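Written below as structure tokens is the structure these notes are about.
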Amino acid sequence: MIIKPKTRGFICTTAHPEGCAQNVQEQIDYVRKQGLIKGPKKVLVVGASTGYGLASRIVAAFGAGADTIGVFFEKSASDNRTATAGWYNTAAFEKKANEAGIYSKSINGDAFSDKIKEETIELIKRDLGKVDLVVYSLASPRRIHPVTGESFNSVLKPIGKDFTNKTVNFHNGEVSEITIEPANEDEINQTVAVMGGEDWDMWMQALQNAGVLADGVTTVAYSYIGPEITHAVYREGTIGRAKDHLEATAKTIVDNLKDIGGRAFVSVNKALVTQSSSAIPVVPLYISLLYKVMKENGTHEGCIEQMYRLFADRLYTDSLELDEVGRIRVDDLEMKGDVQEEVAVLWNKVSSENINAISDIEGYREDFFKLFGFGFANIDYNEDVDVNVGISGIE
């Protein structure tokens with residue numbers, strides 16, 4: 001099949017296997033260039049196929065030489081449809097891990113379910129014994145509760161009042177004004193049920209009860225704060241309410257792990273182009289301006305740079321610094337005062353007419369399409385490729 005990008009809003013409905021493999025290879029190359037980390041040795045990543053979860057798995061495996069198990073929910077190719085990008089990412093990761101002699105297995109299914117938790121536990125018992133790091137990087141718009149069977153759906157809305165601000169169609173660079181109505185109480189609760197910390201806690205309880213957590217185990221989940229520009233629709237909106245719950249859950253998990261000396265952290269990461277962030281109004285415009293400033297300053301980082309720094313300079317050091325509420329901050333370069341001041345100036349100026357000149361909207365587009373394997377210079381996208389790529393370590 002000759003594969004071209006097909007988009008529907010903020011979603012790309014096709015993925016290129018060779019491009020996804022290149023994306024993974026470039027991340028592996030970066031980690032290898034940085035050098036080895038004194039880090040974890042047996043790692044479970046829940047939400048392991050894209051974005052920060054994939055980068056975490058790559059850093060653990062190729063930076064610390066860790067055995068990894070990845071859990072995700074992706075689709076293989078069928079009929080005239082490509083597989084999802086996460087499927088191709090994982091196939092490429094496992095191929096490279098196997099070539100390097102690094103253990104790698106994957107479980108594909110609904111990570112919210114008891115079934116997938118049980119399958120994962122059995123795999124850990126069989127192959128690893130115990131894990132010393134659990135990364136929770138699950139991103140989903142919907143969750144079926146494993147106990148009640150209730151279905152929850154998240155929404156991207158402000159709380160309390162309408163929110164009006166600039167946004168951008170990153171495909172054509174059109175800057176417009178958007179007004180988002182506030183969420184009602186049910187929508188807030190459903191968003192917390194999907195994106196809060198309950199499932200992270202359920203994973204840790206299930207793993208602990210099964211005896212597959214090593215003494216001194218570390219677990220980390222990911223969050224975002226961002227600038228005032230995005231607060232109404234993010235940190236002070238429904239997603240922010242869910243992230244508050246996630247961060248509170250870390251304290252519960254620490255209490256539950258005290259008998260084995262376990263640690264639980266939330267890492268606040270930088271704003272990046274991901275499948276999730278592309279869906280949030282206002283955020284793509286902010287990221288386009290942020291990229292412009294940080295690239296000019298020489299401080300821009302992608303997922304892999306962020307995760308390498310999290311592992312090497314935060315999680316596995318003797319002097320881990322936390323913020324006033326106990327979070328790890330690898331958004332420190334984004335949130336520097338001079339960076340945010342410059343972004344705020346650009347925000348007030350940006351329009352459809354000048355966006356290409358004063359932002360990095362082109363860089364945003366490039367990163368978006370690379371998520372799906374498109375836009376790599378060394379790949380001929382006019383060539384016929386086999387879309388039926390298997391994952392060697394899938395259980």
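Worth a mention:
- Flag if THR90 is over 20 Å from the mean Cα position of the chain (by Cα), farther than 14 Å from TRP203 by Cβ, buried (at least 17 other Cβ atoms within 10 Å of the Cβ) and not charged (D, E, K, R): no
- Conditions (1) closer than 21 Å to TYR286 by Cα; (2) part of a helix (DSSP H, G or I); (3) of a type outside the set (A, V, I, L, M): number failed by ASP331: (2)
- The conditions of being buried (at least 21 other Cβ atoms within 10 Å of the Cβ), touching a strand residue (DSSP E or B) at 6+ places or on another chain (Cβ under 7 Å) and among the hydrophobic types (A, V, I, L, M, F, W, C) are not met by VAL24.
- All helices (runs of 4 or more DSSP H) inside the stretch 1-102 with 2 or more residues being charged (D, E, K, R) and more than 27 Å from LYS125 (Cβ to Cβ): 17-34
- Residue that is surrounded by the most Cβ atoms within 10 Å (Cβ to Cβ), among those in the stretch 206-216 that are in a helix (DSSP H, G or I) and touching a residue at least 40 places away in the same chain (Cβ under 8 Å): LEU207
- Pairs are defined by a Cβ separation below 6 Å, a sequence spacing of at least 6 or placement on different chains, a first member in the stretch 46-58 that is at pLDDT 95 or above and buried (at least 24 other Cβ atoms within 10 Å of the Cβ), and a second member that is among the hydroxyl-bearing types (Ser, Thr, Tyr) and in a helix (DSSP H, G or I); the pairs so defined are SER49/THR90.
- Residue that is surrounded by the fewest Cβ atoms within 10 Å (Cβ to Cβ) [pool: residues in the stretch 301-349 that are over 19 Å from GLN27 (Cα atoms) and touching a strand residue (DSSP E or B) at 6+ places or on another chain (Cβ under 6 Å)]: ASP323
- Looking across the stretch 218-238, just one residue is surrounded by fewer than 24 Cβ atoms within 10 Å (Cβ to Cβ), touching a Pro at 6+ places or on another chain (Cβ under 9 Å) and hydrophobic (A, V, I, L, M, F, W, C), and that is ALA232.
- Yes/no for ARG81 being buried (at least 19 other Cβ atoms within 10 Å of the Cβ) and among the basic types (Lys, Arg): no
- Residue ID - nearest to LEU207 (Cα to Cα), chosen from residues in the stretch 254-310 that are among the small types (Gly, Ala, Ser) and without any contact (Cβ under 8 Å) to a residue 12 or more places away in the chain: SER277
The values are calculated or read from the model by the stated rules, or taken from the named source; none is laboratory data. None of these values were measured; they are calculated from a predicted model. Positions of Cβ are generated from backbone atoms using ideal geometry, with glycine treated the same way; all protein chains shown enter the neighbour counts.
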